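Peer 1: Here it is: the structure, laid out below.
What follows draws every value from the coordinates through simple rules; no lab data is involved. This one's a predicted model, so the numbers in the text were calculated from it and none came from an experiment. Counting neighbours? That spans all protein chains shown, and the Cβs are built from the backbone with ideal geometry, glycine included.
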Amino acid sequence: MSEPSLNRAQREAVTTVSGPLLVLAGAGTGKTRVITYRIAELIRTGITPSRILAVTFTNKAAREMRERALHLLGKRPRDVKPPEISTFHSLCVRILRRHAPLLGYPSEFSIYDRSDQETLARTALRDVRVGQETLRPGDLLSLIGKWKNLGHRPDRAEQIAEQDREQLAALAYARYQTSLKAAGAFDFDDLLLCTEELFSRFPEARFAESSRYDHVLVDEYQDTNDLQYRILGAIAGRHRNLCVVGDDDQSIYGWRGAEVAHILGFKRDWPEARIVRLEENYRSRAPILQHANQLIVHNGSRHEKTLRATRDGGAPPRFVRFEDENAEAETVVREIQQRLAGDDGGPRVPASDIAILFRTNEQPRAFELEMRRAKVPYVLIGGMSFYDRKEVRDVLAYMRVLANPSDEVSLLRIINTPLRGIGAGTIETLVGAAVEKGSPLWAVLPDAPAHPDLPHGVGERIVGFQRLIEGYRARLGTEPLAELMTDLLRVIDYKAELARVYREASEAQSRWETIEGLVSSAALYEQRAENPSLLGFLEETALTGREDDRTDDRRELHAVTLMTLHSAKGLEFPHVYMVGMEEGILPHARSVMEGRGVDEERRLCYVGVTRARETLMLSFTRQRMKWGKPRATIPSRFLMEMRGETEKAKRAAEAAAQLFSQIAAAGPGGAGDKRGDKKSGDKRATARKPKAAAGSARRGSRPQR
DNA sequence: CCCTGCGCTTTTTTT
DNA sequence: AAGCGCAGGG
């Protein structure tokens with residue numbers, strides 16, 4: 001944003017420095033600018049910088065805000081601590097580190113990410129049955145997530161569970177939570193849930209934490225969920241200097257418990273609040289903004305507002321149809337290539353000015369392929385690819401066990417990696433012994449040699465492993481982390497392990513390089529952090545992904561950005577491509593089926609459109625691969641809505657609803673008329689009993705073909 | 001205990 | 001198209 005000075009509304013938001021303040025800021029109206037200026041203003045009026053807390057939604061946003069704020073504040077004496085700018089989750093981690101023992105957790109607790117959660121969910125579901133229901137780990141996790149975000153503990157979940165399916169989930173939730181606690185670990189939702197619990201059960205902790213700050217600022221307030229809302233209340237309730245900034249039209253995290261009600265009803269809980277509206281858009285060219293406005297009016301229940309464009313001229317968005325996803329990728333990438341080279345008649349465009357936005361994480365595949373072929377530099381944001389790699393998870397599991405040996409998921413991951421002859425049978429016996437004794441797995445390892453059921457020699461190997469870990473544990477803090485890691489990797493000969501698992505030398509080599517990258521990011525962390533520690537490093541990797549890496553930043557400067565619409569929130573690009581604009585993708589099939597979700601999908605589309613400064617292209621395909629087969633698609637209703645073709649949009653919506661319900665009916669459990677799957681049909685009929693029998697009776701009357 | 005191969009299921013979004 | 005769980009052989 002480079003407009004010379006603050007407009008009237010922005011100035012008001014910046015200079016109203018005491019009491020609650022709600023800034024209703026539309027897309028591209030200078031939200032971030034207002035927050036950073038406000039931080040500077042607070043400091044100018046004499047507030048101690050470190051007593052200001054700004055909360056953002058993503059780490060990227062936090063980092064950018066930190067940089068801008070520091071820039072604005074200019075050079076300050078070394079010993080003046082800067083304002084605290086962090087995400088909700090990092091904030092909660094810091095709070096929990098100070099008070100975890102009150103809740104019965106070690107202060108060296110681990111943080112479990114999605115894939116740790118999946119392992120835990122899998123064991124939690126083992127031999128749990130309610131009626132005929134079964135549950136996949138993913139389903140369980142999404143239910144647990146929903147409950148946690150509503151503040152429900154397992155006992156509460158059991159009370160409110162209605163169908164068998166939910167009963168089962170509640171039961172598994174209880175087991176899941178027990179193992180988490182036994183492992184001394186929090187999952188992402190726990191960080192919020194337990195912080196809230198801490199505040200409600202221990203007033204002294206709440207007092208201590210709320211006394212740290214005089215001012216609290218919150219960005220992207222529309223995506224605050226119930227827990228975050230209560231945590232904010234606890235922290236800001238004393239001084240009531242709470243400034244929240246958000247846009248109800250950009251609320252896209254309802255599925256995670258975000259409540260638009262919080263922003264719509266801010267006045268209720270903070271009656272003395274001032275409200276400031278920012279409605280002048282400095283970002284998008286008028287025709288782009290006009291399409292965005294025309295789209296979002298299709299949503300009911302919103303703060304009525306229309307963004308005014310301050311930048312006239314510019315081309316209207318382009319709507320383009322392709323044959324399939326490959327043609328889409330090919331053409332888009334070719335066009336980008338021309339723009340980069342200036343071959344399209346326009347000026348050369350820097351790669352970082354371009355973004356390709358999509359709804360789901362499988363969409364970028366075709367684009368990545370094409371980008372690599374065309375040698376167009378790109379960065380794929382999110383996708384989790386780095387931390388999902390086996391080798392990274394292995395090494396981090398070692399580090400986590402060093403920090404917290406009770407961390408059972410990590411311990412199980414490494415106890416036989418590299419192979420040291422501690423097999424599945426042995427592990428089962430050990431886990432059994434731990435359960436019987438009621439102690440962590442780690443604590444029973446020394447008893448292994450004396451265990452009657454374990455084959456000879458295994459006990460010694462187990463003790464050897466335990467000594468190995470203890471040896472390195474003792475060295476923690478006495479030498480640089482990166483050195484310790486290198487040494488450990490050498491001693492366990494992890495390089496050989498990689499060579500064993502990945503037969504192809506080049507593959508093994510590139511995996512090893514990933515590990516070297518991890519080690520050097522540990523070294524970087526140690527240089528950067530004030531009080532480096534293993535815990536700090538693990539925390540950063542768990543919460544921030546790899547974006548703290550400076551090299552990544554530099555890469556982004558010269559690369560086209562590929563990311564989901566969700567990750568695009570808060571960002572802007574001169575040139576935006578929104579791809580896969582089809583019913584089933586945007587709006588996603590699942591939200592169409594649930595009926596309620598389409599408004600949120602529309603907001604998601606709105607977010608995408610309003611990222612664009614200069615040009616916008618929206619593309620869709622005639623057919624797209626699904627489960628290996630090409631399937632005809634329906635153009636997204638949003639395309640028609642933003643062009644004012646309301647009737648046509650309605651027809652698209654109806655066609656989509658019909659199509660998806662047909663597909664759902666053909667799926668498992670439904671009145672399947674797929675003659676091909678008689679085998680699984682038979683199995684199912686015997687596995688489940690009464691309910692399915694009724695359904696299959698009808699099918700049975702008109703059998704095979 | 002470890003490896004390989006087969007067949008089955010899977011498809012939202014994120015800290 | 002890809003990942004996971006299970007069975008069977010070394």
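Peer 1: Classify region A:449-549 from the C-alpha gyration tensor, please: rounded if a/c falls under 1.5, else prolate or oblate depending on whether a/b exceeds b/c.
Peer 2: Oblate shape, in that a/c is at least 1.5 and b/c is the bigger or equal ratio.
Peer 1: Moving on. If you take the charge dipole of chain A about its Cα centre, with +1 on Lys and Arg Cβ and -1 on Asp and Glu Cβ, which of A:ALA27, A:THR544, A:ILE235 is farthest toward its positive end?
Peer 2: A:ALA27
Peer 1: Let me ask you something else. Please state the shape class of region A:22-104: rounded when a/c is under 1.5, otherwise prolate if a/b exceeds b/c and oblate if not, all from the C-alpha gyration tensor.
Peer 2: On the way: a/c = 2.17, a/b = 1.33, b/c = 1.63.
It is oblate, given that a/c is not under 1.5 and a/b is not larger than b/c.
Peer 1: Another question, if that's okay. Note down the net charge around A:ALA258, summing +1 for each Lys or Arg and -1 for each Asp or Glu among other residues with Cβ under 15 Å from its Cβ.
Peer 2: -4
Peer 1: Per-residue HN-Hα couplings for region A:157-168, Karplus 6.51 cos²θ - 1.76 cosθ + 1.60 at θ = phi - 60°, whole Hz, x for Gly and Pro?
Peer 2: Result, rounded to whole Hz: 4, 5, 5, 8, 5, 9, 6, 3, 4, 6, 4, 4.
Peer 1: When a/c is below 1.5 the answer is rounded, else prolate if a/b is larger than b/c, else oblate, so apply that to region A:109-228 with a ≥ b ≥ c taken from the square roots of the Cα gyration tensor eigenvalues.
Peer 2: Values: a/c = 2.18, a/b = 1.98, b/c = 1.10.
Here region A:109-228 falls in the prolate category.
Peer 1: Okay, next question. With the contact rule set at Cα under 8 Å and sequence spacing of 6 or more, what percent relative contact order holds for chain A?
Peer 2: 16
Peer 1: If you put +1 on each Lys and Arg Cβ and -1 on each Asp and Glu Cβ, how big is the dipole of chain A around its Cα centre, in Debye rounded to 20?
Peer 2: Dipole about the Cα centre, nearest 20: 1480 debye.
Peer 1: Ok, one more. Under 14 Å Cα to Cα from A:LYS495, which aspartates and glutamates show up? Leave out anything in the same chain fewer than 8 places away.
Peer 2: Within the straight-line limit of under 14 Å, A:LYS495 reaches these aspartates and glutamates: A:GLU391, A:ASP394, A:ASP487, A:GLU504, A:GLU507, A:GLU513, A:GLU516.
Peer 1: Then there's this: How large is ³J(HN,Hα) for each residue in region A:504-519, as worked out from phi by the Karplus curve 6.51 cos²θ - 1.76 cosθ + 1.60 (θ = phi - 60°), to whole Hz, x for Gly and Pro?
Peer 2: With the stated coefficients, region A:504-519 comes to 6, 4, 5, 4, 4, 4, 5, 5, 5, 5, 4, 4, 4, x, 5, 4 Hz.
Peer 1: Would you calculate, for chain A, the mean residue ellipticity at 222 nm contributed by helices, counting each DSSP H stretch of 4 or more residues as -39,500 (n - 2.57) and dividing by all residues, to the nearest 500?
Peer 2: -16000 deg cm²/dmol
Peer 1: Which entries of A:LYS146/A:LYS648; A:LYS148/A:LYS626; A:LYS146/A:LYS569; A:LYS146/A:LYS390 have Cα-Cα distances beyond 24 Å here?
Peer 2: Table pairs above 24 Å Cα-Cα are A:LYS146/A:LYS648; A:LYS148/A:LYS626; A:LYS146/A:LYS390.
Peer 1: Sticking with this structure for a sec: Where the centre of each part is set by its Cα atoms, how far does region A:565-623 sit from region A:484-516, in angstrom?
Peer 2: 41
Peer 1: Give me the distance between the Cα centres of region A:238-252 and region A:131-167, rounded to whole Å.
Peer 2: If you average the Cα positions of each part, the centres end up 30 Å apart.
Peer 1: Would you list the P(r) distribution for chain A, with all Cα-Cα distances sorted into 10 Å bins from 0 and each bin expressed as a whole %?
Peer 2: 2, 12, 21, 25, 22, 13, 4, 1, 0
Peer 1: Return the Rg/Rh ratio of region A:262-350 with Cα-based radii and a Kirkwood Rh. Mind dumping the intermediate values first?
Peer 2: Numbers: Rg = 19.7 Å, Rh = 17.0 Å.
My calculation puts Rg/Rh at 1.15.
Peer 1: Less than 12 Å apart at the alpha-carbon level, and either on another chain or at least 8 residues along: which aspartates and glutamates does that give for A:LYS181?
Peer 2: Cα-Cα hits under 12 Å: A:ASP190, A:ASP407, A:GLU408.
Peer 1: Restricting things to alpha carbons, find the Rg to Rh ratio for region A:164-248 using the Kirkwood radius for Rh.
Peer 2: 1.08
Peer 1: Go through region A:41-54 residue by residue and turn each phi into a ³J(HN,Hα) via Karplus (6.51, -1.76, 1.60, θ = phi - 60°); whole Hz please, and just put x for glycine and proline.
Peer 2: Result, ordered by residue: 5, 4, 5, 4, 7, x, 6, 5, x, 5, 9, 9, 10, 10 Hz.
Peer 1: What spacing in nm lies between the two simple spin-label points modelled at A:MET593 and A:ASP388, each 7 Å away from Cα in the Cβ direction?
Peer 2: According to this spin-label approximation, the distance is 2.1 nm.
Peer 1: Given region A:588-639 reduced to its alpha-carbon atoms as identical point scatterers, what log10 I(q)/I(0) does the Debye formula return at q = 0.15, 0.23, 0.30, 0.32 Å⁻¹?
Peer 2: Taking Cα atoms of region A:588-639 as identical point scatterers yields -0.56, -1.02, -1.13, -1.16.
Peer 1: Still on this structure: Amide H to amide H, which residues 5 or more places from A:VAL560 or on other chains are under 5 Å from it, using H placed in the peptide plane?
Peer 2: Result for A:VAL560 returns A:TYR378, A:VAL379.
Peer 1: Using 10 Å bins from zero, what percent of all Cα-Cα pairs in region A:213-265 falls into each bin?
Peer 2: Computed distribution, short to long bins: 27, 55, 17, 1.
Peer 1: Can you give the net charge of the other residues whose Cβ lies under 12 Å from the Cβ of A:LEU191, counting K and R as +1 and D and E as -1?
Peer 2: My count for the surroundings of A:LEU191 gives -4.
Peer 1: Count charges around A:THR331 for me, please; just the other residues with Cβ under 14 Å from its Cβ, Lys/Arg as +1, Asp/Glu as -1.
Peer 2: -2
Peer 1: Same structure, new question: Gain in length, A:LEU70 to A:VAL435, computed as 0.36 nm per residue apart minus the alpha-carbon separation, to one decimal in nm?
Peer 2: Numbers: separation 365, 0.36 × 365 = 131.40 nm, distance 5.18 nm.
So the chain would gain 126.2 nm between A:LEU70 and A:VAL435.
Peer 1: Return the whole-Å distance between the Cα centroid of region A:383-460 and the Cα centroid of region A:191-234.
Peer 2: Each part reduced to its Cα centre gives a spacing of 36 Å.
Peer 1: Work out Dmax and Rg for region A:361-445 from the C-alpha atoms and quote the Rg first, both in angstrom.
Peer 2: Calculated on Cα positions, Rg and Dmax stand at 19.3, 60 Å.
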